[in-house]
Amino acid sequence: MKKPPLIWLNVFVFASTFLVAITAVPWYGYTYGFETFEVVAMIIGIFVCGLSITGGYHRLWSHRTYKAHWSVRLIFALGGAFALQNSAIHWSSDHRRHHKHVDHDDKDPYSASHGFWFSHIGWMLREYNAMMYTDYTNVRDLQKDGIAVWQHKYYNLLAFAMNVGVPILVGLLYGDVWASILLLGVARLVLSHHFTFFINSWAHMWGTQPYTDRNTARDNALLAIFTHGEGYHNYHHIFETDYRNGIKWYQYDPTKWLINVLAWCNLASDLRTVPEARIEQAKLKMELKRRHDKVKHLPNSEEVILRLNQEYDVLCEKLNAFYKAKVVLFESKKKSLNAKLDKIQFEQQIRDTKLQLSQLKDAFHEQRKVWNNMQLNFSH
Ligand SMILES: [Zn+2]
Ligand SMILES: [Zn+2]
């Protein structure tokens, strides 16, 4: 099949910046040396670009996982132009299509079904999605966001000002213009480009699938380091409305921390999360599926699967009872804070619920043990 024509501007930008980054940057560093300040400016630049894409383009505009003050949206709009990844409106339109048709050969603009190269960068080098370029019907909501509309309208100018103007200005202010152009201009752009592109390629190929195997998205802790927390892509594809990607406190997700800090400063609100019970349920469902696959070759597979299903149902029941009680406790605590009278009655109610909750938790953990031991028995 004939390939669509090349998009020469994209080919030129990606190829020339990459070549300069691997030749002129090390040569300049070896010949003249770089100041610490210049290296720090590049690292800050990588974070500004990366977090504008993950916190702004992705979690704010594409998925509406929280609301942000106009000043934050303005910084994300400028940072997004600095990252040179098209306007937030265009990016979000592509990304919503990616989620809706994930892995589809034609409808997912950067489908991993075409391999690493295509999903990483190849999809931007040819006119693969020409008919979608101006179709923004899936981002009508963003056309009500003045800052997103403004950024879309003046995108070329902003991208030029940020990518050429800022490095030259920083170089003029602090001494070495060429060093600033090479590090803050070119090396920063190439690194931040490929770190983001990894999410479409690497995060759809290498890693684990704890929540779903209905698409190619993977969780990958190593990738989270390069992508400002977006490495937990398996979770993200099943629960895209959650403002977090790494849901555990120890999972590296600086985008989530940034949104939390913004919320503490009253610059972000309405942070959306998925109820814990649903997350656990998804994980259990995957465990059940994997066990079915593991035992289906056994001579007594029917009987084993029946037992597995029974224990699984009990486990889900206990899980739901536990999380329901957690919600009741949360609600009672909230009510007791607002109640002026009846304080004593509420306190008694809270004590009772707490007791019930700890019993339900024990029951759930007991059943978890039974379930885990079952797996051990079957693996022999
Ligand atoms: Zn997404
Ligand atoms: Zn994806």
Which residues, taken from region 54-113, are in a loop (DSSP other than H, G, I, E, B), away from ligand 2 (no atom under 12 Å from the Cβ) and at pLDDT 95 or above? ARG64, THR65, TYR66, HIS69, ALA83, LEU84, GLN85, ASN86, SER87
Return only the number of the condition from (1) of a type outside the set (Phe, Trp, Tyr); (2) buried (at least 17 other Cβ atoms within 10 Å of the Cβ); (3) farther than 23 Å from ALA282 by Cβ; (4) at pLDDT 85 or above that GLN349 does not satisfy. (4)
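Quick grid of which residues meet (1) over 30 Å from MET162 (Cα atoms); (2) buried (at least 19 other Cβ atoms within 10 Å of the Cβ); (3) more than 16 Å from ligand 2 (Cβ to nearest atom):
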| residue | (1), (2), (3) |
| --- | --- |
| VAL186 | no, yes, yes |
| PRO210 | yes, no, no |
| LEU223 | no, yes, no |
| GLY229 | no, yes, no |
| HIS233 | no, yes, no |
| LEU267 | no, no, yes |
| GLU276 | yes, no, yes |
| GLU287 | yes, no, yes |
| HIS292 | yes, no, yes |
Test: ILE168 is assigned to a helix (DSSP H, G or I) and within 16 Å of ligand 1 (Cβ to nearest atom): no
Please name all residue pairs, on different chains or six or more residues apart, with Cβ atoms under 7 Å, provided the first residue is in region 347-368 and is in the same structural domain as GLN281 (by TED's automatic domain parsing) and the second residue is surrounded by 13 or more Cβ atoms within 10 Å (Cβ to Cβ) and aromatic (Phe, Trp, Tyr). LEU360/PHE322; LYS361/PHE322; PHE364/PHE322
State whether the residues of region 174-181 include one that is assigned to a loop (DSSP other than H, G, I, E, B), at pLDDT below 95 and out of contact with any Leu (no Cβ under 9 Å at 6 or more places or on another chain). yes
Looking at the structure I just gave you, is ILE238 free of Cβ contacts under 8 Å to residues at least 40 places away in the same chain, within 14 Å of ligand 2 (Cβ to nearest atom) and among the β-branched types (Val, Ile, Thr)? no
Please state which one of THR212, THR227, THR208 is more than 16 Å from ligand 1 (Cβ to nearest atom), of a type in the set (Ser, Thr, Tyr), under 20 Å from the mean Cα position of the chain (by Cα) and closer than 30 Å to GLU280 by Cβ. THR208
Conditions (1) of a type outside the set (A, V, I, L, M); (2) over 26 Å from THR212 (Cα atoms); (3) within 16 Å of ligand 1 (Cβ to nearest atom) -> ARG64 fails only (2)
Among (1) outside any helix (DSSP H, G or I); (2) within 15 Å of ligand 2 (Cβ to nearest atom) - the single one TYR128 does not satisfy: (2)
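The values are calculated or read from the model by the stated rules, or taken from the named source; none is laboratory data. Remember, predicted model here, so these are calculated numbers, not experimental data. When we count neighbours, we look across all protein chains shown, and the Cβ atoms used for this are built from the backbone with ideal geometry, even at glycine.
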